[in-house]
Amino acid sequence: MNIAAIVGRPNVGKSTLFNRLLGHRKAIVDRVSGVTRDRHYGESYWNGIKFSVIDTGGYTLKNNNIIEEEMRKQIFFAIKEANSIIFMVDVTTGLIDIDIEIAKILRKEHKPIILAVNKIDSIKNIYNNTDFYKLGFDKYYSISSINGSGTGDLLDELLKTFPKEIQYKKNENLPKIAIVGRPNVGKSTLINTLLMENRNIVTNIPGTTRDPIDIYYNLFGFKCILIDTAGIRKKSKLYNNLEFYAVIRTIKSIENADVCLLMIDATRGWESQDTNILNIIINNNKGILILINKWDLIEKKNDTNKLYKNLILNKIKHFKDVPIFFISSINKKGILPMMEYAIQLYENRKLKIKTSVLNQTLLPLIKNTPPPSVKGKFITIKYCTQLPTYTPQFVFFTNFPNYIKYSYKKFIENKIRYFFKFKGIPIGIHFRKK
């Protein structure tokens with residue numbers, strides 16, 4: 001699609017406009033400057049035309065701050081990628097030197113630039129925006145991204161700047177793969193390795209990623225949507241509202257994903273928070289792949305992999321049928337086999353077992369190992385079928401469904417996993433009265 005990048009200094013309202021153009025709150029908005037860091041993509045629609053929008057971090061003057069330096073790189077990537085640029089300034093602070101600096105940078109790109117004077121929230125502010133003529137643009141648009149006034153005229157002008165020959169193509173029915181985990185385990189590094197470019201900001205500072213980043217991926221024969229997410233801390237360790245909202249958006253990304261790659265730092269091992277994240281994934285019935293990252297930093301012996309894997313499986317006793325991959329994002333070890341398995345998990349999650357096959361396979365086993373009797377009542381299971389749900393759910397018809405114990409439910413689940421391809425996929429087992 002055509003692409004419009006929103007560029008400007010910190011706290012001028014770029015993310016608020018981004019959310020308005022998308023029609024929903026995708027980017028975190030806060031009065032604190034520097035909330036947005038990576039390039040953040042979304043899809044907008046105006047007058048029958050669809051186009052992509054890139055939200056960028058606030059441009060700042062050069063200093064020794066590593067995160068701000070990486071943010072500047074992301075802004076330049078967005079400018080290069082865009083067909084047109086929305087240059088946003090703030091009427092409440094007026095024209096300042098950094099606005100002039102940004103205008104000089106943008107002119108060098110020789111791309112259509114639309115100047116948006118934001119925060120015109122009342123009529124009196126309209127008379128405060130004449131200073132922006134000094135930037136040398138032919139005209140500007142007075143808008144309020146928070147209430148939407150003036151954005152229609154801005155979008156009309158934006159559509160005029162797009163090349164006509166570009167056609168819209170929607171990527172439908174692609175696997176959505178979310179990379180989740182605690183802060184600083186290497187999620188953004190893995191994304192950059194897969195893309196073979198510095199797509200997301202990577203630092204040693206926990207909490208660098210805040211917004212979930214959706215990325216269309218089409219390399220090495222794999223086609224999917226990759227979702228980079230903020231690290232999930234324990235509630236007691238969330239230090240401010242920004243972290244809280246970042247975690248909420250990560251959980252939302254898990255809910256919207258098909259497969260979740262739960263990443264662990266090999267040097268720190270499995271922690272209680274990893275169990276909490278795993279439970280979120282299981283409760284949402286998503287495909288699960290555990291990635292042991294930074295495996296290059298572990299001193300290895302002949303059975304190191306096996307011991308490490310068993311250590312993890314012993315801590316997740318309620319769901320042991322999960323694949324575990326040992327990788328190094330930075331050294332590109334184990335990456336492609338991991339992607340191949342993740343795509344396979346997506347396909348297996350949609351697997352439908354014929355009722356006849358299910359009954360022929362399971363009923364003889366159930367007959368040989370029936371549920372234990374309760375209060376002198378014998379339990380019989382006469383029929384089973386897979387429900388027409390998006391995730392694997394099975395129902396068994398019995399004379400006393402309330403008497404089926406959890407241990408027998410797990411017995412049936414394990415048999416289903418043994419005979420069919422559901423490794424790494426939570427499945428539901430239900431009993432109904434026949």
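Tabulated data for the structure shown
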{"item": "Looking only at segment 370-393, and only at residues there that are exposed (fewer than 12 other Cβ atoms within 10 Å of the Cβ) and farther than 30 Å from Leu261 by Cα, the one that is farthest from the chain's Cα centre (by Cα)", "result": "Gly376"}
{"item": "Residue pairs meeting the criteria (Cβ under 7 Å; at least 6 apart or on separate chains; first of a type in the set (D, E, K, R), in segment 83-105; second part of a strand (DSSP E or B))", "result": "Asp90/Asn118; Asp99/Val89"}
{"item": "Residue within segment 347-360 that is surrounded by fewer than 14 Cβ atoms within 10 Å (Cβ to Cβ), over 25 Å from Cys224 (Cβ atoms) and either in contact with a Leu (Cβ under 9 Å, 6 or more places away or on another chain) or touching a residue at least 40 places away in the same chain (Cβ under 8 Å) (or both) present", "result": "no"}
{"item": "Unique match (being outside the structural domain of Val259 (by TED's automatic domain parsing), of a type in the set (Phe, Trp, Tyr), surrounded by 12 or more Cβ atoms within 10 Å (Cβ to Cβ) and assigned to a loop (DSSP other than H, G, I, E, B)) among Phe422, Phe396", "result": "Phe422"}
{"item": "Residue in segment 171-182 that is at pLDDT below 90 and more than 30 Å from Ile335 (Cα to Cα) present", "result": "no"}
{"item": "Failed item in (1) modelled with pLDDT under 85; (2) touching a helix residue (DSSP H, G or I) at 6+ places or on another chain (Cβ under 6 Å), with Gly58 passing the rest", "result": "(2)"}
{"item": "Single residue of Asn241, Asn200, Asn204 found to be over 17 Å from Ala342 (Cα atoms), modelled with pLDDT under 85, in contact with a Ser or Thr (Cβ under 7 Å, 6 or more places away or on another chain) and not β-branched (Val, Ile, Thr)", "result": "Asn200"}
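Let's see how each residue does on (1) in a loop (DSSP other than H, G, I, E, B); (2) among the basic types (Lys, Arg):
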| position | (1), (2) |
| --- | --- |
| Met339 | no, no |
| Lys352 | yes, yes |
| Gln360 | no, no |
| Cys384 | no, no |
| Pro388 | yes, no |
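The values are calculated or read from the model by the stated rules, or taken from the named source; none is laboratory data. These numbers come from a predicted model, not from an experiment. Neighbour counts are summed over all protein chains in view; Cβ atoms, including those assigned to glycine, are modelled from backbone coordinates with ideal geometry.
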